[in-house]
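A short worksheet on the structure shown next.
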Amino acid sequence: MNWPTFEQWIKLPKLLSKKEKANLGVFSVLFLISFFFLVLSFYFANTKEVPANGGSYIEGMVGQPESLNPIYAPTSEADKALVELMFAGLYRYDANGNIVPEIAQTTPDIKENGKVYEIHLRDDIFFHDGKKLTADDVLFTIKTIQDADYKSPLRANWLGVTVEKFSDYGVRFKLKNTYPDFADRLTVKIIPAHVWENISAAQFPRSLYNFSQHIGAGPYKLKNLKRDNNGNISAIDLEAFDKYKPARSHISKITFLFFANEKDLILNANLGRIDGLTISQTSGIKNAKFKSYNFNLPRYFAVFFNQSQNPFLANKQARKALNLATNKEEIIKIAFDGKAQIALSPIMPEFYGFNNASQTYSYNLDTAKAILKDIDYNIVDGKLIRTKQDQAVFKSTLKQGSIGEEVKKLQECLATAPAGGPDIYSGKISGIFDKNTTEAVKKFQEKYADDILRPSGLSSGNGLVKEGTRTKLNEVCFNRAKPNEPVKIFLTTSDDPSIPLAKTAELLKEQWGQLGIEVQTVVEPISNLKQEIIRQRNYQALIFGEVLGMVPDPFPFWHSSQTEDPGLNLANYKNETVDKLLEQVRQEPDPIVRQEKYEKFQTLLLDDAPAVFLYNPNNYFLAASKVQGIKEGKGTDFAQKFSQISNWYIKTKRIWK
C-alpha cells in the first residue's frame, strides 16, 4: 500500500462529512497540544535552571557610611558592607565560617613549625581601575597597617610579623612567634599601592579615595554616590565588576539607601522600595515579599570603665557593685522588646563552645549596696558619699638618691599614669631615685604647674617630691576619692540609630541611681565619638560594642599594650597575668590548652570587673523572595553575608544537563 501524496492529503477534507471534519480538527488540535507538551517535557527533563547575570538589588540601612578604607577596620554596618563588596582579601570566610582563597591560589604553605606562611597569588586579579593586583599591593597594605603613624586599629594583629615578597605574585609572612590562627589575619582586605603610596599618614583618613574615588578589587565597584541637601550620603550605587575572580557576580547592580532611623527603614521596606534590610525586630514588617535569615554573630555591647578618669571607677569593689546593680533583663525588655541575649563574658562561651566563668553578676541591688558600704561608701540624703579618706601612697619627701618602695611606686606612676605616660618616664622600675627619675618629676611638675609650681612661687620643676608634688601624684596616679563628695559618673555613648544605646544609658542612669550615684549621660554623634572621645580615651564610662573574629582573640581588646589609640582596650585594663595568658594563647597550638587559657583569662577579667557586659542584640536579615542563593551561617557581622554575594542571583536561565 502506497502512502498518500501531498495532493491527495489536501483533497481529503472534501471527502469528509461535516462531522468527520469536526472530529479531524479536534484530533489535530489535541495532537499539536500533546506534541507541544511532549517537547516541553523533554526540554525540562534534559535542562536545568541556573543563575543568570542581571537584575538589581536595593539594601536599606540605618546610619551613614564614614570611611571605606579597610585599614581603619570599619565599625559601622554600612562601612563593613561596602568594604566587603568593594575589596578583596587573600582569603575570605564562607557561609560556614571556613577560610577559603580569594586572591590567593590555594591555602598557605606553612613552614618552620608555623612561623612562616608562603602564599601564591592569582595572576588574574585586577583593581577596579584595571591595574593588576600583585605582591607589592599586599606588602603595602600590611606595612601601612603596621606603621603607627597611620593609627590602624588592626595594628595589634600584625605585631611581630614580617612581610616580604619572593616573586611578583608570591608573599611570605614571617612570625616572631607561632600563632595557630594566623590564617584569620589573612582575610584583611587589600588596598592598591599605586593609589595610596604617595598619600601621607595625615592625609590618609581624609583622602577622596575613601569615598568618591574609591578603588578596590572586590566583586563590585563604585558607580555613583548621592548626597542630600544637608550633605549626607543618601545612596550609593555599585555595579558588578566584570574582571572579578573567581567569577563575576550575577546581580548587576546593588544600591544602598541610607536612613536616619529604623522607623524610616521599616516604612520604606513596607512600601516595597527596598529589597533587603537588617533590623532588630521583625514585627513591624508587613510586606510579605521578605524572607528572614539568621546569622550567628560574635559581638557584645558593654559599659567600659576608664579607671584613670574617675576615682570611684578605679576601685575594683565599686566596679563589682555596678555590675550587680545592672539589671540586664530589664534593659533588654525595655530597649529591645526582649530581642537580645544577655552577655556574660568577653569571649562569648556560647559562640566558641567554651565553658562559662564561675564569676557572674546576677542583678542584686542589696549585695551591691553592701559591697559599697564595706569600702566606706554610704547613701546620705539619697546620694552616695565616700565617708573615709583614701590613704596617701606618697607620704615622704623624695629626691635623687632616695631608694625604696615609694620610689618604685613613683616610677610606676610616672611611666603609666595618663598624665605622664612613657614620654615622662621610660626608665627601669628600680626603686632607685636616679637622674632619669629626677627629670621625669620635673616634667610632671611643669605639666601641673598651676597646682604644684605656682603656689610655691616656682617657674620650673626642681625634681623634688615634696607636699605639693605628692598631693598631685596621689590624685593623678591613684585616683584618690575625696571624702564627703557625692559620686558622679559621666556615661558616654553614641547616637547610633541602629542600636538603642542612648536608651540603654538612660536605663543605667535609673538603675545606678538606686545606689545613690548621680549619672550624667552624654550622647555623641558616632563620628565624633570615635574620633574625639574614644581615640583620646576622653570618657569615664563608655557604652560601646566590640566585634570578635571567627576565632577568639581577646588580645586587641584587653592586653595592656592596647590601652592607647589605635588599640581597642577601651577600659584601659591592665593585668600582668592576663597579659601573659593572652600572649601565650596566641602561640599555643593545642586547642584544649588554648581553651583552658581562655577560660582562665575570662575568670580573671570578670573578677577585676573592668566592664559591665550587657547584651548581644538579635538581628534579622530580611531579603525579598526574588533574591535567591542566600545562605544562613556564621559571620563576624551582618556585612559578612556579602562574602557570599557571588551565590546570590535574581535572574535565571536554563541550560542542557
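Each residue in region 539-549 was checked for being crowded, with 19+ Cβ neighbours inside 10 Å, in contact with a helix residue (DSSP H, G or I) (Cβ under 9 Å, 6 or more places away or on another chain) and assigned to a loop (DSSP other than H, G, I, E, B), and 2 of them qualify. Pull out all pairs, ordered by first then second residue, where Cβ-Cβ is under 7 Å, the residues are six or more apart or on different chains, the first lies in region 74-98 and is within 14 Å of LEU186 (Cβ to Cβ), and the second is of a type in the set (Ser, Thr, Tyr). The qualifying pairs are GLY89/THR187; TYR91/THR187; ARG92/THR187; ARG92/SER643; TYR93/THR187; TYR93/SER643.
Residue by residue, here is whether (1) among the hydroxyl-bearing types (Ser, Thr, Tyr); (2) without any contact (Cβ under 8 Å) to a residue 24 or more places away in the chain holds:
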{"site": "ASN356", "(1), (2)": "no, yes"}
{"site": "ASN364", "(1), (2)": "no, no"}
{"site": "LYS373", "(1), (2)": "no, yes"}
{"site": "TYR377", "(1), (2)": "yes, no"}
{"site": "GLY382", "(1), (2)": "no, no"}
{"site": "VAL393", "(1), (2)": "no, no"}
{"site": "ILE403", "(1), (2)": "no, no"}
{"site": "LEU414", "(1), (2)": "no, no"}
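If you go through region 487-538 and keep only what is over 21 Å from PHE336 (Cα atoms), surrounded by 18 or more Cβ atoms within 10 Å (Cβ to Cβ) and not small (Gly, Ala, Ser), you end up with VAL487, ILE489, LEU515, ILE517, VAL519, LEU529, LYS530, ILE533, ILE534, ARG537. Restricting attention to region 376-406, which residues are crowded, with 16+ Cβ neighbours inside 10 Å, modelled with pLDDT under 90 and among the hydrophobic types (A, V, I, L, M, F, W, C)? Hits for region 376-406 are VAL393, PHE394. Quick check: anything in region 111-128 crowded, with 18+ Cβ neighbours inside 10 Å, within 26 Å of PHE295 (Cα to Cα) and of a type in the set (Ser, Thr, Tyr)? Scanning region 111-128, I find no residue that is crowded, with 18+ Cβ neighbours inside 10 Å, within 26 Å of PHE295 (Cα to Cα) and of a type in the set (Ser, Thr, Tyr), so the answer is no.
Might you let me know whether region 321-340 holds any residue that is part of a strand (DSSP E or B) and assigned by TED's automatic domain parsing to the domain that holds LEU372? Taking every residue of region 321-340 in turn, at least one turns out to be part of a strand (DSSP E or B) and assigned by TED's automatic domain parsing to the domain that holds LEU372. Could you say whether any residue in region 470-479 is touching a strand residue (DSSP E or B) at 6+ places or on another chain (Cβ under 7 Å), over 20 Å from THR438 (Cα atoms) and touching a residue at least 24 places away in the same chain (Cβ under 8 Å)? Taking every residue of region 470-479 in turn, none turns out to be touching a strand residue (DSSP E or B) at 6+ places or on another chain (Cβ under 7 Å), over 20 Å from THR438 (Cα atoms) and touching a residue at least 24 places away in the same chain (Cβ under 8 Å).
Restricting attention to region 84-125, the residues that are farther than 24 Å from ALA240 by Cα and either within 22 Å of the chain's Cα centre (by Cα) or of a type in the set (D, E, K, R) (or both) add up to 8.
Taking only region 90-141 into account, find how many residues are not in a loop (DSSP other than H, G, I, E, B) and not aliphatic (A, V, I, L, M).
So the answer is 18.
Candidates in region 267-317 are the residues that are within 23 Å of THR563 (Cβ to Cβ) and aromatic (Phe, Trp, Tyr); of these, the one that is surrounded by the fewest Cβ atoms within 10 Å (Cβ to Cβ) is PHE301.
ASN210 meets all of the listed conditions (1) at pLDDT 85 or above; (2) touching a Ser or Thr at 6+ places or on another chain (Cβ under 9 Å) but one, namely (1).
Results for (1) of a type in the set (Gly, Ala, Ser); (2) more than 28 Å from GLY549 (Cβ to Cβ), shown as yes or no for each residue.
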position	(1), (2)
PHE305	no, no
ALA314	yes, yes
GLN317	no, yes
ALA325	yes, yes
LYS328	no, no
PHE351	no, no
ASP366	no, yes
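For SER362, state whether it is surrounded by fewer than 15 Cβ atoms within 10 Å (Cβ to Cβ) and modelled with pLDDT under 90. Taking the combined requirement at face value, the residue does not satisfy it. When VAL585, VAL627, VAL593, VAL612 are checked against the criterion of being out of contact with any helix residue (DSSP H, G or I) (no Cβ under 9 Å at 6 or more places or on another chain) and either without any contact (Cβ under 8 Å) to a residue 60 or more places away in the chain or hydrophobic (A, V, I, L, M, F, W, C) (or both), a single residue qualifies: VAL627.
The values are calculated or read from the model by the stated rules, or taken from the named source; none is laboratory data. Not measured: the values here are computed from a predicted model. Please note: Cβ atoms are built from the backbone with ideal geometry, for glycine as well, and neighbour counts cover all protein chains shown.
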